[in-house]
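Here is the structure we will look at, set down as structure tokens.
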Amino acid sequence: MNRIRAVAGRELRAYFNSPIAYIFLLAFAGAALLMFFNSFFSRGVADLRGLFDAVPLLMVLLVPALTMRLWAEEDKQGTLEILMTLPARPAELVAGKFLASWALLGVGLLLTLGLPITVASLGHLDWGPVLGGYLGAMLLGGAYLAIGQFISATTENQILAFIMALVICLAFYGVGAEAFAGLFSDTTAAILRGLGTASRFRSIARGVVDLRDLIYYLSLTGFFLAASVGALRARRWA
Amino acid sequence: MIEARNLHKAYGETIALDGVSFSVPAGEVVGLLGPNGAGKTTAMKILVGFLLPSQGTAILAGHDVVRDPLEVQRRLGYLPENAPLYNDMLAQDFLLFMADMRELRGDHRNRRLSTVVEECGIGNVLTRTIGHLSKGYRQRVGLAAAILHDPEILVLDEPTTGLDPNQIVEVRELIRRMGETKTIILSTHILPEVEATCQRAVILIDGRVRADGSLEELTHSRVQVVTVAVPDPRQACDLFREIPGVKTVALDGVPDHGFQVFRLEMDGDGDVGEPTAEIVRQQGWRLRELRRDDRSLEQVFRELTATGAEVAA
């Protein structure tokens, strides 16, 4: 536990020691505002749909920027040797890095809290979908962060880690999207929607928190964190 | 105690280690020597549990590094080649991070932190960003982190590269001091460094141990060289041959102003210096030189890399 906290702390500091954290937060908050105001006044409804409709794709684009350096940079600058020869389990290292990246994502979401507060002061805001939307965003983002960390653990090339994570996150987004799933028969489409990250997000963001959706996101996250641990262990065989 | 048992390591087609065995008794400083690409770094990465051997294993401080890496890593300090560090951190934050990862607490933690800062001489760079430090300071920050938890065993991969001559002397002194209580293995190309810090050397060439012994054993020669002026070289040869312990006597080169070089090869590790001198005195010969033909570690190293011959020790 101490080691997880130490790794997470170091990792968070590394984010803020480089421009990555600031660029991420700026881009995230900026894009969120833009998407929100894009539809808010034209629809004239006191909700945050404009924001939450954009969140899945926003995550696909921005999360890989947070995860690309997690292991690739350690590998490139050689500090991997220091980390991996400490008496720490790879799982502790992976957990620490995950928590740091998740916390930064959380800060990004916190920055958008001004929106629901403003909306609530303008009209009657139904807080259910808003809370659901934020919960869903953290879960969805967590799953993408896990995917990104796994990809980063397989390479020393940050650019490659970014692109690969983006492609895989996009694939998880895409399979459940109507534009893709709608091409298939009803049963296949249902399965694809079940696999897709965005389709499930939409139902949470409506304020419907289904246990199956939670399990889906948590197992996706767990699977890729475990895969990260596996990738680190496999490196010893290099 | 470090014991490498029949380590093999292949990177794809390339064989880095081909059956490497050696041991470092507790409290000894051993130098791992070899040309570039001999497998020194690979061997060290296996010892510290960063890489797994394709075959064989190593026992450090009583634990098998393949089966039980965490137990080994608790008792081990490792300075990787070129001292990789987190460039974005302040030196002190890095040491604090390492103390957290080593779970050092309370008084002990503070005492160790101030001890390593003083021992490695990094007190004046603690609040500087590691990425802005000179190579020498980086190396010393890395060393401080490696010895932070006062480990039983130290594995140092080229600990003095990039240091200036004064720093080299300081780091060697530090290694020698730590060697009084710790088991240390260090790799280097710098042969005088081995002579200055190590009791023993293991020479690795093409992934195999080509020599393993104390510095004395490695450089020890069984040839006694005598340069004297003698009237009859043949008769002198006969006299020298009668010395107990001398196996053969050979004339070396041509006489120089009457002085002739004799090479007396011994059949054991004994010393025939005194009986030789005694004969010279009895015969009333003029003596110019009497020495054992010991080689420097550098010569041994060059001979091994050139011929690939094995030195028994």
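The values are calculated or read from the model by the stated rules, or taken from the named source; none is laboratory data. If you're wondering where the values come from, they're calculated on a predicted model, not measured in any experiment. Glycine gets a Cβ as well: all are built from the backbone with ideal geometry, and neighbour counts include every protein chain shown. To get the accessible areas, we keep the full protein, side chains included, count just its heavy atoms, and leave off ligands, DNA and RNA. Shrake-Rupley method; radii C 1.70, N 1.55, O 1.52, S 1.80 Å.
Looking only at region B:2-27, count how many residues are basic (Lys, Arg) and within 15 Å of the chain's Cα centre (by Cα). Steps first, answer last, please.
Our first condition is that a residue be basic (Lys, Arg); within region B:2-27, this holds for B:5, B:9.
From what's left, within 15 Å of the chain's Cα centre (by Cα): none.
Total satisfying the criteria: 0.
Quick check on this structure: which one of B:THR41, B:THR57 is within 14 Å of another protein chain (Cβ to nearest Cβ), surrounded by fewer than 19 Cβ atoms within 10 Å (Cβ to Cβ) and among the β-branched types (Val, Ile, Thr)?
Numbers: B:THR41 fails: surrounded by fewer than 19 Cβ atoms within 10 Å (Cβ to Cβ).
Answer to the check: B:THR57.
Which of the following residues is under 17 Å from the mean Cα position of the chain (by Cα), outside any loop (DSSP other than H, G, I, E, B) and away from chain B (no Cβ under 14 Å): A:ALA29, A:ALA21? Break it down stepwise before answering.
Numbers: A:ALA21 fails: away from chain B (no Cβ under 14 Å).
Unique residue meeting the criteria: A:ALA29.
Under 8 Å by Cβ, and 6 or more places apart or on different chains, what pairs join a residue from region A:13-36 that is touching a residue at least 12 places away in the same chain (Cβ under 8 Å) with one that is open to solvent by 70 Å² or more (accessible area, probe 1.4 Å)?
A:LEU25/A:LEU111; A:PHE28/A:LEU111; A:ALA29/A:LEU111; A:ALA32/A:LEU111; A:MET35/A:ASP53
Results for (1) open to solvent by less than 20 Å² (accessible area, probe 1.4 Å); (2) assigned by TED's automatic domain parsing to the domain that holds B:TYR137; (3) charged (D, E, K, R); (4) free of Cβ contacts under 8 Å to residues at least 60 places away in the same chain, shown as yes or no for each residue.
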position: B:PRO165; (1), (2), (3), (4): no, yes, no, yes
position: B:LEU174; (1), (2), (3), (4): yes, yes, no, yes
position: B:ARG177; (1), (2), (3), (4): no, yes, yes, yes
position: B:SER187; (1), (2), (3), (4): yes, yes, no, no
position: B:VAL202; (1), (2), (3), (4): yes, yes, no, no
position: B:ILE205; (1), (2), (3), (4): yes, yes, no, no
position: B:VAL209; (1), (2), (3), (4): no, yes, no, no
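Given the criterion touching a Lys or Arg at 6+ places or on another chain (Cβ under 8 Å) and within 18 Å of A:SER228 (Cα to Cα), identify the matching residue among A:ALA161, A:ALA181, A:ALA165.
Numbers: A:ALA181 fails: within 18 Å of A:SER228 (Cα to Cα); A:ALA165 fails: touching a Lys or Arg at 6+ places or on another chain (Cβ under 8 Å).
None of the others qualify; the one that does is A:ALA161.
Condition test on A:THR154, is it of a type in the set (S, T, N, Q) and either within 14 Å of chain B (Cβ to nearest Cβ) or buried (at least 18 other Cβ atoms within 10 Å of the Cβ) (or both)? Quick ask: steps written out before the conclusion?
Details: of a type in the set (S, T, N, Q): yes; either within 14 Å of chain B (Cβ to nearest Cβ) or buried (at least 18 other Cβ atoms within 10 Å of the Cβ) (or both): yes.
Yes, satisfied.
Please identify the pairs in which a residue from region A:216-232 that is part of a helix (DSSP H, G or I) has its Cβ atom under 9 Å from the Cβ atom of a residue that is open to solvent by less than 20 Å² (accessible area, probe 1.4 Å) and of a type in the set (Lys, Arg), counting only partners at least 6 apart or on another chain.
Filtered contacts from region A:216-232: A:SER228/A:LYS97.
Would it be correct to say that B:ARG102 is among the basic types (Lys, Arg), assigned by TED's automatic domain parsing to the domain that holds B:ILE46 and at pLDDT 95 or above? Give the derivation first.
Numbers: among the basic types (Lys, Arg): yes; assigned by TED's automatic domain parsing to the domain that holds B:ILE46: yes; at pLDDT 95 or above: yes.
The answer is yes for B:ARG102.
Kindly indicate the residue of region B:184-215 that is assigned to a loop (DSSP other than H, G, I, E, B) and not aliphatic (A, V, I, L, M) and also nearest to B:GLN299 (Cα to Cα) among those meeting that condition. So that I can check it myself, show each step before the final result.
Taking region B:184-215 and keeping what is assigned to a loop (DSSP other than H, G, I, E, B), we get B:189-190, B:198-199, B:206-207.
With the extra rule that they be not aliphatic (A, V, I, L, M), the set shrinks to B:189, B:198-199, B:206-207.
Values: B:HIS189: 14, B:CYS198: 17, B:GLN199: 18, B:ASP206: 18, B:GLY207: 20 Å.
Taking the candidates together, the pick is B:HIS189.
Which residues, counting only those in region B:72-113, are more than 24 Å from B:MET1 (Cα to Cα), more than 10 Å from chain A (Cβ to nearest Cβ) and in contact with a helix residue (DSSP H, G or I) (Cβ under 8 Å, 6 or more places away or on another chain)?
Once the filter is applied, which keeps residues that are more than 24 Å from B:MET1 (Cα to Cα), more than 10 Å from chain A (Cβ to nearest Cβ) and in contact with a helix residue (DSSP H, G or I) (Cβ under 8 Å, 6 or more places away or on another chain), region B:72-113 yields B:ALA91, B:LEU95, B:ARG109, B:LEU113.
Just checking, which of A:GLY207, A:GLY196 is farther than 24 Å from A:ALA95 by Cβ and open to solvent by less than 20 Å² (accessible area, probe 1.4 Å)? If you could, list the steps in order and put the result at the bottom.
Working: A:GLY207 fails: open to solvent by less than 20 Å² (accessible area, probe 1.4 Å).
Checking each option against the conditions leaves just A:GLY196.
Scan A:LEU61, A:LEU83 and give me the residue that is at pLDDT 95 or above and either under 22 Å from A:THR155 (Cβ atoms) or hydroxyl-bearing (Ser, Thr, Tyr) (or both).
A:LEU83
Identify all residues within region B:252-287 that are out of contact with any Leu (no Cβ under 7 Å at 6 or more places or on another chain), at pLDDT 85 or above and more than 18 Å from B:SER221 (Cβ to Cβ); write none if there are none.
B:PHE259, B:GLU278, B:ARG281, B:GLN282, B:GLN283, B:GLY284, B:TRP285, B:ARG286, B:LEU287
Could you run through region A:216-228 and say how many residues are buried (at least 20 other Cβ atoms within 10 Å of the Cβ) and in contact with a Lys or Arg (Cβ under 9 Å, 6 or more places away or on another chain)?
Going residue by residue through region A:216-228, those that are buried (at least 20 other Cβ atoms within 10 Å of the Cβ) are A:217, A:220-221, A:224-225, A:228.
From the residues that got through so far, the ones that are in contact with a Lys or Arg (Cβ under 9 Å, 6 or more places away or on another chain) too are A:217, A:228.
Residues in region A:216-228 being buried (at least 20 other Cβ atoms within 10 Å of the Cβ) and in contact with a Lys or Arg (Cβ under 9 Å, 6 or more places away or on another chain): 2 in total.
Which of (1) surrounded by 17 or more Cβ atoms within 10 Å (Cβ to Cβ); (2) in contact with a helix residue (DSSP H, G or I) (Cβ under 6 Å, 6 or more places away or on another chain); (3) under 28 Å from A:ALA205 (Cα atoms) is the odd one out, the single condition A:LEU86 does not satisfy?
(3)
Considering only residues that are among the hydrophobic types (A, V, I, L, M, F, W, C) and more than 7 Å from chain B (Cβ to nearest Cβ), which ones fall in region A:77-92? So that I can check it myself, show each step before the final result.
Going residue by residue through region A:77-92, those that are among the hydrophobic types (A, V, I, L, M, F, W, C) are A:80, A:82-84, A:86, A:88, A:91.
Those that are among the hydrophobic types (A, V, I, L, M, F, W, C) and more than 7 Å from chain B (Cβ to nearest Cβ): A:LEU80, A:LEU83, A:ALA91.
Residue check: is B:SER21 in contact with a strand residue (DSSP E or B) (Cβ under 8 Å, 6 or more places away or on another chain), in contact (Cβ under 8 Å) with a residue 60 or more places away in the chain and among the hydroxyl-bearing types (Ser, Thr, Tyr)? Before you say what the answer is, go through the steps one by one.
Numbers: in contact with a strand residue (DSSP E or B) (Cβ under 8 Å, 6 or more places away or on another chain): yes; in contact (Cβ under 8 Å) with a residue 60 or more places away in the chain: yes; among the hydroxyl-bearing types (Ser, Thr, Tyr): yes.
Yes: the conditions hold for B:SER21.
Taking B:GLY27 and the conditions (1) out of contact with any helix residue (DSSP H, G or I) (no Cβ under 8 Å at 6 or more places or on another chain); (2) surrounded by fewer than 22 Cβ atoms within 10 Å (Cβ to Cβ); (3) at pLDDT 95 or above, which numbered condition does it fall short on, given that it satisfies the others?
Condition (3) is where B:GLY27 drops out.
In this structure, does B:GLU3 turn out to be touching a strand residue (DSSP E or B) at 6+ places or on another chain (Cβ under 8 Å), surrounded by fewer than 18 Cβ atoms within 10 Å (Cβ to Cβ) and within 12 Å of another protein chain (Cβ to nearest Cβ)?
Numbers: touching a strand residue (DSSP E or B) at 6+ places or on another chain (Cβ under 8 Å): yes; surrounded by fewer than 18 Cβ atoms within 10 Å (Cβ to Cβ): yes; within 12 Å of another protein chain (Cβ to nearest Cβ): no.
No.
Exactly one of (1) open to solvent by 40 Å² or more (accessible area, probe 1.4 Å); (2) on the phi > 0 side of the Ramachandran plot; (3) in contact (Cβ under 8 Å) with a residue 60 or more places away in the chain; (4) within 14 Å of chain A (Cβ to nearest Cβ) is unmet by B:GLY62. Its number?
With respect to (1) open to solvent by 40 Å² or more (accessible area, probe 1.4 Å); (2) on the phi > 0 side of the Ramachandran plot; (3) in contact (Cβ under 8 Å) with a residue 60 or more places away in the chain; (4) within 14 Å of chain A (Cβ to nearest Cβ), B:GLY62 is out only on (4).
Each row is one residue, and each column tells you yes or no for (1) of a type in the set (A, V, I, L, M, F, W, C); (2) surrounded by fewer than 23 Cβ atoms within 10 Å (Cβ to Cβ).
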site: A:SER18; (1), (2): no, yes
site: A:VAL45; (1), (2): yes, yes
site: A:LEU51; (1), (2): yes, no
site: A:LEU57; (1), (2): yes, yes
site: A:MET68; (1), (2): yes, no
site: A:GLU73; (1), (2): no, yes
site: A:LEU99; (1), (2): yes, yes
site: A:LEU105; (1), (2): yes, no
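Here is a check on your reading of the model: is A:ALA46 assigned to a loop (DSSP other than H, G, I, E, B) and within 14 Å of another protein chain (Cβ to nearest Cβ)?
On the way: assigned to a loop (DSSP other than H, G, I, E, B): yes; within 14 Å of another protein chain (Cβ to nearest Cβ): no.
Spelling it out, it is not the case that A:ALA46 is assigned to a loop (DSSP other than H, G, I, E, B) and within 14 Å of another protein chain (Cβ to nearest Cβ).
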